[in-house]
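Asks: Just passing along the structure, written as structure tokens.
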Amino acid sequence: NQMSRSSENEIKDSAYKEWQRQSRNQSYGIRSSMTIKEQRESLPVYQKRDALLQLVQQNDFLIVVGETGSGKTTQITQYLAEEGYSTKGVIACTQPRRVAATSVAKRVAQEVGCRVGEEVGYTIRFEDCTSNKTIIKYMTDGMLQREVLVDPDLTKYSVIMLDEAHERTIATDVLFALLREAVIRRKGGLKLIVTSATLDSQKFSKYFENCPVFHIEGRTFPVKIFYTKEPELDYIQSTIETVIDVHTNNPPGDILVFLTGKEEIDTCCETLVEKMSLLRAEKPTVSELIVLPIYSSLPSEMQSRIFEPTPPGKRKVVLATNIAETSVTIDGIYYVIDPGYVKVNAYDPKLGMDTLIVQPISRAQADQRSGRAGRTGPGICYRLYTKNAYLNEMPANTVPEIQRQNLSYTILMLKAMGIDDVLGFNFMDRPKEQLILTALEELYILDALDENGVLTDFGQRMAFFPMEPLLSKTLIQSIEFKCSDEVITIIAMLSVPDVFYRPKEKRDEADRIKAKFHDYNGDHLTLLNVYNKWSDAENQRLWCQNNFVHEKSMRRAREVRRQLLKIFDNLDKRGRHTESSVISCRGNWDLIRKAFVSGYFKNSAKRAATHDPEEGSYRTLVENTPVHIHPSSSLFRKHGVDYVIYHTLVLTNKEYMHCITKIDPKWLVMYAPRFFRTADPSQLSTKKKTEKLQPLFNRNDPKETWRLSKGRR
Ligand code: ADP
Ligand code: MG
């Protein structure tokens, strides 16, 4: 509650609100009535248009630094096109996030006056919305990285803008080095602009041949910051209270809330809507609060709703992931609520794999977040943590992804590009040697590298797929196992948001219907069941309604399936195969499970022994970590499930395995001989011996491991 918050100068609080109220009346609602031309010309970058273009002309490398919302992403590409760069090649702009790439492309198409996919388009994984007309192309950094694989000089482009460089995603970091080389090789034919919202520009400049740094001063207003006096125990509840508090007590202006992920955002939205309707029933004078979520798996029509201007007399609250920190800008935000957490993907040595973890944000992120409140007028940011936490507990900057995530996909790509010495690669911030070695080890046990670390033919084929090595290995192995048709479907289903929904009032019914699709061997096959039944249904919409299945997700799965089939087709053409490698196993579903074992063998667990304190749950074979079957799994509380593989681990109050399939432990030895062996190979088949399955590698010392593995075959 607001009363208990401390602020820099408490006494002036009411005066501040009055000032805020006055300046609000002057600026609120103006932008929505401006024409597109007026809007474009009101952006800070417009004042700098000519100076910027001159620098681009004179330099091959340029760093651009500017506040979020100053017009970098939407305007610079258009300026370049207007200046004629598009006649020499496509103008590309990368984004770390899919949502940003699609939403910005839509906006720019609107500004240019074309449809998306014509002059302005976008490319994200499994979705290419460009044509031969396209001159401005927004894309994820991951997709540009894949294009380098095919065309290292990027000959079809004239200018590439690496946007949001401060995010320091792995793909952007790798592109730094790859594009630096390409620009030098093309001798003026390709220009690189690196844009960032923060000021580590000197480091960027130094890396790119001491190139100039161009500043765009943002149009920002002061933001008053409140902290809590005590640490918050439940930040969700405190977030909801703060939203309602702001809505009922503060002058007009929209609210932006930063949460960590989809589930949290959906729950918060539901609770807010409920609380607001109770409150408005009680007090009809309270105005309407429009509650809107934004996260990357949200369908795009829902995403664009956050950009619609708020009708007069109402207030909008947007609940966002850290996507709203810098990559999308929402106008009219005067209040920011920042609980101080973010969900990141990090390599967990205890589990030997990537997991999503929720962790405190950095001070730089906290400042970015509060800055969102001061774009249209003086704003307020409520930080749901103490000033002491901000000053003394938060790290100053976020650690770049490349220094904390699993690098096997990246290393596979580099190897496929012919870059053999990955330890000597010119990274701007070098990852720890250990992380690279771990990735090499993983690629070795997946057969992508040979014992000398050289890319195998198999690895070459794996690099053909724009997906994690575990998935690409499974896909390629499924050809050997003659079940690729089914595996493609399952992987398409795994790549879309959860297809099942459980409305609050009908949970039991939804669960009962879902159970009809359950396969006794596990969730991968359950997904296949669902897809097949949906695909056969006469009226797919009705089928979805009756079965509590999201139609959008199903259609997306079908699209991903189509894209995967296309990749298979290309792979066949490249290998000059005349017969398609898409093969159905015709109901022999054991083959499917074997294909998944050949990719996911490291994600294996076995039922805990009877005397084990973890009895009733499972332990991973790699690290012996206790893990549990998620209640949504078709294997939940099923008997006779001794060995399983899982798709992901999710940490909530316990370590939960998601998407689990029952396996025969013998398969581990058969299909992952580089990783598993039995204590005595001559007695492979006896249960007693297979209980002694052991990973070959000493995980505590990957360097030792890597050396060891060289000598072993
Ligand atoms: P920057 O990249 O410097 O953060 P942008 O170019 O993304 O800035 O945004 C400039 C302005 O364009 C924003 O202030 C906003 O008004 C408008 N804008 C951007 N994306 C959209 C969108 N999808 N819908 C409506 N307006 C948008
Ligand atoms: Mg931007």
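Asks: Is region 56-79 home to any residue that is within 10 Å of ligand 1 (Cβ to nearest atom) and over 31 Å from the mean Cα position of the chain (by Cα)?
Replies: no
Asks: Among helices (runs of 4 or more DSSP H) lying entirely in region 622-713, which contain 3 or more residues that are surrounded by 14 or more Cβ atoms within 10 Å (Cβ to Cβ), at pLDDT below 50 and in contact with a strand residue (DSSP E or B) (Cβ under 8 Å, 6 or more places away or on another chain)? Quick ask: steps written out before the conclusion?
Replies: Values: elements: 665-671, 687-690, 702-711.
Of the helices (runs of 4 or more DSSP H) lying wholly inside region 622-713, none has at least 3 residues that are surrounded by 14 or more Cβ atoms within 10 Å (Cβ to Cβ), at pLDDT below 50 and in contact with a strand residue (DSSP E or B) (Cβ under 8 Å, 6 or more places away or on another chain).
Asks: Identify, from the list 164, 217, 230, 209, the residue that is within 16 Å of ligand 2 (Cβ to nearest atom) and loosely packed, with under 15 Cβ neighbours inside 10 Å.
Replies: Numbers: 164 fails: loosely packed, with under 15 Cβ neighbours inside 10 Å; 230 fails: within 16 Å of ligand 2 (Cβ to nearest atom); 209 fails: within 16 Å of ligand 2 (Cβ to nearest atom).
Within the list 164, 217, 230, 209, the selection yields 217.
Asks: Does residue 317 count as at pLDDT 95 or above, touching a helix residue (DSSP H, G or I) at 6+ places or on another chain (Cβ under 7 Å), among the aliphatic types (A, V, I, L, M) and within 21 Å of residue 390 (Cα to Cα)? I'd like the intermediate steps shown before the answer.
Replies: Values: at pLDDT 95 or above: yes; touching a helix residue (DSSP H, G or I) at 6+ places or on another chain (Cβ under 7 Å): yes; among the aliphatic types (A, V, I, L, M): yes; within 21 Å of residue 390 (Cα to Cα): no.
When the stated conditions are applied, residue 317 does not pass them.
Asks: Still on this model: Would you check if residue 650 is closer than 24 Å to residue 440 by Cα, touching a residue at least 24 places away in the same chain (Cβ under 8 Å) and β-branched (Val, Ile, Thr)?
Replies: Working: closer than 24 Å to residue 440 by Cα: no; touching a residue at least 24 places away in the same chain (Cβ under 8 Å): yes; β-branched (Val, Ile, Thr): yes.
No, not satisfied.
Asks: Could you please tell me which pairs satisfy a Cβ distance under 9 Å, a separation of 6+ or placement on different chains, a first residue in region 152-171 that is closer than 15 Å to residue 80 by Cβ, and a second residue that is assigned to a loop (DSSP other than H, G, I, E, B) and within 16 Å of ligand 2 (Cβ to nearest atom)?
Replies: Taking only residues 6 or more apart or on different chains, the pairs are 163/96; 163/327.
Asks: Can you pull out the residues in region 471-499 that are modelled with pLDDT of 95 or more and touching a Gly at 6+ places or on another chain (Cβ under 7 Å)?
Replies: Correct list: 473, 474, 477.
Asks: Cβ-Cβ below 7 Å, separation at least six or inter-chain, first residue in region 390-403 and closer than 24 Å to residue 171 by Cβ and touching a residue at least 60 places away in the same chain (Cβ under 8 Å), second among the β-branched types (Val, Ile, Thr) and buried (at least 18 other Cβ atoms within 10 Å of the Cβ): which pairs?
Replies: From region 390-403, the pairs are 401/169; 401/170; 402/170.
Asks: So which pairs qualify, if the first residue must be in region 419-439 and basic (Lys, Arg), the second must be buried (at least 17 other Cβ atoms within 10 Å of the Cβ), the Cβ gap must be under 7 Å, and the two must be at least 6 apart or on different chains?
Replies: Matching pairs, first to second residue: 432/403.
Asks: Moving on to the next point. Which of the strands (runs of 3 or more DSSP E) contained wholly in region 248-343 include at least 1 residues that are touching a Lys or Arg at 6+ places or on another chain (Cβ under 8 Å) and more than 14 Å from ligand 1 (Cβ to nearest atom)? If you could, list the steps in order and put the result at the bottom.
Replies: Working: elements: 254-258, 289-294, 315-320, 333-338.
Where strands (runs of 3 or more DSSP E) fall fully within region 248-343 and carry at least 1 residues being touching a Lys or Arg at 6+ places or on another chain (Cβ under 8 Å) and more than 14 Å from ligand 1 (Cβ to nearest atom), they are 254-258, 289-294, 333-338.
Asks: Which condition from (1) farther than 30 Å from residue 383 by Cβ; (2) away from ligand 1 (no atom under 16 Å from the Cβ) is the one that residue 161 breaks?
Replies: Unmet condition: (2).
Asks: Another question, if that's okay. Here are 232, 282: which of them is modelled with pLDDT under 95 and under 31 Å from the mean Cα position of the chain (by Cα)?
Replies: Numbers: 282 fails: under 31 Å from the mean Cα position of the chain (by Cα).
After applying the criteria, what remains is 232.
Asks: Among the residues of region 90-107, is there at least one that is surrounded by fewer than 22 Cβ atoms within 10 Å (Cβ to Cβ), over 21 Å from residue 345 (Cα atoms) and polar (S, T, N, Q)?
Replies: No: zero hits.
Asks: Regarding residue 519, is this residue in contact (Cβ under 8 Å) with a residue 40 or more places away in the chain and under 30 Å from residue 595 (Cβ atoms)?
Replies: Details: in contact (Cβ under 8 Å) with a residue 40 or more places away in the chain: yes; under 30 Å from residue 595 (Cβ atoms): yes.
Here the answer is yes, as residue 519 does meet what is asked.
Asks: Now, a different point. Could you tell me whether region 187-195 includes any residue that is assigned to a helix (DSSP H, G or I) and buried (at least 24 other Cβ atoms within 10 Å of the Cβ)?
Replies: Kept after step one, since they are assigned to a helix (DSSP H, G or I), are these residues of region 187-195: none.
Scanning region 187-195 turns up no residue that is assigned to a helix (DSSP H, G or I) and buried (at least 24 other Cβ atoms within 10 Å of the Cβ).
Asks: For region 245-257: of the residues being in contact with a Leu (Cβ under 9 Å, 6 or more places away or on another chain) and crowded, with 18+ Cβ neighbours inside 10 Å, which is farthest from residue 294 (Cα to Cα)? Working first, answer last.
Replies: So the first thing to find is which residues in region 245-257 are in contact with a Leu (Cβ under 9 Å, 6 or more places away or on another chain), and the list is 247-248, 255-257.
In the following step, the residues that additionally are crowded, with 18+ Cβ neighbours inside 10 Å were identified as 247, 255-257.
Details: 247: 20, 255: 13, 256: 10, 257: 10 Å.
Checked region 245-257; the qualifying residue farthest from residue 294 (Cα to Cα) is 247.
Asks: Would you check if there is a residue in region 404-419 being among the polar types (S, T, N, Q), closer than 24 Å to residue 262 by Cα, in contact with an Asp or Glu (Cβ under 8 Å, 6 or more places away or on another chain) and surrounded by 17 or more Cβ atoms within 10 Å (Cβ to Cβ)?
Replies: Within region 404-419, the first condition is being among the polar types (S, T, N, Q), and the residues that meet it are 405-406, 408, 410.
Applying the additional criterion that residues be closer than 24 Å to residue 262 by Cα yields 405-406.
Then drop every residue that is not in contact with an Asp or Glu (Cβ under 8 Å, 6 or more places away or on another chain), which leaves 405-406.
The next check asks that each one be surrounded by 17 or more Cβ atoms within 10 Å (Cβ to Cβ); those that pass are 405-406.
Yes, that holds for at least one residue.
Asks: I need every pair where a residue in region 190-210 that is modelled with pLDDT of 85 or more has its Cβ under 9 Å from the Cβ of a residue that is part of a loop (DSSP other than H, G, I, E, B) and within 15 Å of ligand 1 (Cβ to nearest atom), sequence separation at least 6 or different chains.
Replies: 193/163; 194/163; 195/163; 195/164; 196/163; 196/164
Asks: Among the listed residues 504, 552, 516, which satisfies the condition of being modelled with pLDDT of 95 or more and of a type in the set (Lys, Arg)?
Replies: Exactly one of 504, 552, 516 is modelled with pLDDT of 95 or more and of a type in the set (Lys, Arg), namely 516.
Asks: Find all pairs meeting these conditions: Cβ atoms under 7 angstrom apart; at least six residues apart or on different chains; first residue within region 58-82 and more than 19 Å from residue 188 (Cβ to Cβ); second residue more than 14 Å from ligand 2 (Cβ to nearest atom) and of a type in the set (S, T, N, Q).
Replies: 65/201; 67/220
Asks: Under 9 Å between Cβ atoms, at least 6 apart or on separate chains: pull out the pairs that start in region 572-590 with a residue that is farther than 27 Å from residue 521 by Cβ and end on any residue that is assigned to a loop (DSSP other than H, G, I, E, B) and not hydroxyl-bearing (Ser, Thr, Tyr).
Replies: Going by the 9 Å Cβ cut-off, the qualifying pairs are 572/579; 572/582; 574/464.
Asks: Within the set of pairs 6+ apart or on separate chains, which have a first residue in region 88-106 that is within 12 Å of ligand 1 (Cβ to nearest atom), a second that is among the basic types (Lys, Arg), and C-beta atoms under 9 Å apart?
Replies: That search, which allows pairs on different chains as well, returns 93/137; 105/137.
Asks: Starting from region 534-560, take each residue that is among the β-branched types (Val, Ile, Thr) and list its partners that are in a helix (DSSP H, G or I) and crowded, with 16+ Cβ neighbours inside 10 Å, counting only C-beta distances under 6 angstrom and pairs at least six apart or across chains.
Replies: 560/492
Asks: Can you find even one residue in region 510-533 that is out of contact with any helix residue (DSSP H, G or I) (no Cβ under 8 Å at 6 or more places or on another chain) and among the polar types (S, T, N, Q)?
Replies: yes
Asks: Contact list please: Cβ distance under 6 Å, first residue in region 38-53 and on the phi < 0 side of the Ramachandran plot and aliphatic (A, V, I, L, M), second residue within 10 Å of ligand 1 (Cβ to nearest atom) and not in a helix (DSSP H, G or I), pairs at least six apart or on different chains.
Replies: As it stands, the answer is 43/71; 45/70; 45/71; 45/216, since those pairs meet every condition given.
Asks: Name every residue in region 107-125 that is over 23 Å from residue 167 (Cβ atoms) and in contact (Cβ under 8 Å) with a residue 60 or more places away in the chain, in order of residue number. Before the answer, list the steps.
Replies: Kept after step one, since they are over 23 Å from residue 167 (Cβ atoms), are these residues of region 107-125: 109-119.
Matches in region 107-125: 110, 111.
The values are calculated or read from the model by the stated rules, or taken from the named source; none is laboratory data. What you see is a predicted model, and the numbers here were worked out from it, not measured in a lab. Glycine gets a Cβ as well: all are built from the backbone with ideal geometry, and neighbour counts include every protein chain shown.
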